[in-house]
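Peer 1: Below is one structure. I have some questions about it.
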Amino acid sequence: MHEFSMITQIVENVLKEAEKHRAKKVTEVNLVIGKLTFLGLEQVRFSYDVLVKGTIMEGSKLYIEEKNGVVKCSSCGYEGDFMYEDDPMFHVPTPTLHCPKCEGVVDIVRGRECTIKSVKLIV
Ligand SMILES: [Zn+2]
């Protein structure tokens, strides 16, 4: 349950922030999730609903903005989208860490973030 532990941290941080502002209620949470985190958005929403129950975040809206991943190749300098290939194990397209130009190994530049963009509170 990758999503559950990620969202546990997010919810803890939002609650800490709300406490700092002495908020009575959290009404909205905006998240930015990079596609290379491989978080399932449905599981994210499910985990969120479970975790906010009984807290001042209960009933708040969760908005998720997905950010594309960007990779960079150190051999040829390619920078851009990462490639997908079909994984025969799971029958789903999985990103590869190979350069589309030279087949070299690429580094992930962006797309691994899972951050709180903004939160709406009632104080
Ligand atoms: Zn390359």
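The values are calculated or read from the model by the stated rules, or taken from the named source; none is laboratory data. Nothing here was measured: the structure is a model prediction, and the numbers come from that model. A quick note on method: Cβ atoms are made from the backbone with ideal geometry, for glycine too, and the neighbour counts reach across all protein chains shown.
Peer 1: Would you check which residues across the stretch 21-40 are surrounded by 13 or more Cβ atoms within 10 Å (Cβ to Cβ) and closer than 24 Å to GLY69 by Cβ and list them?
Peer 2: Passing the criteria: VAL29, ASN30, LEU31, VAL32, ILE33, GLY34, LYS35, LEU36, THR37, PHE38, LEU39.
Peer 1: Which of the residues that make up the stretch 1-20 are exposed (fewer than 12 other Cβ atoms within 10 Å of the Cβ), farther than 13 Å from ILE116 by Cα and of a type outside the set (A, V, I, L, M)?
Peer 2: Answer for the stretch 1-20, where residues must be exposed (fewer than 12 other Cβ atoms within 10 Å of the Cβ), farther than 13 Å from ILE116 by Cα and of a type outside the set (A, V, I, L, M): SER5, GLU19, LYS20.
Peer 1: List the strands (runs of 3 or more DSSP E) inside the stretch 20-81, counting only whole elements, that have at least 1 residues being closer than 18 Å to LEU97 by Cα and in contact with a Cys (Cβ under 8 Å, 6 or more places away or on another chain).
Peer 2: Correct list: 25-34, 70-73.
Peer 1: Among residues belonging to the stretch 29-63 that are β-branched (Val, Ile, Thr) and touching a Lys or Arg at 6+ places or on another chain (Cβ under 8 Å), point out the one that is nearest to VAL105 (Cα to Cα).
Peer 2: THR37
Peer 1: Of everything in the stretch 84-122 that's part of a loop (DSSP other than H, G, I, E, B), more than 22 Å from the chain's Cα centre (by Cα) and under 15 Å from CYS73 (Cα atoms), which residue is modelled with the highest pLDDT?
Peer 2: Top of the filtered list is CYS102.
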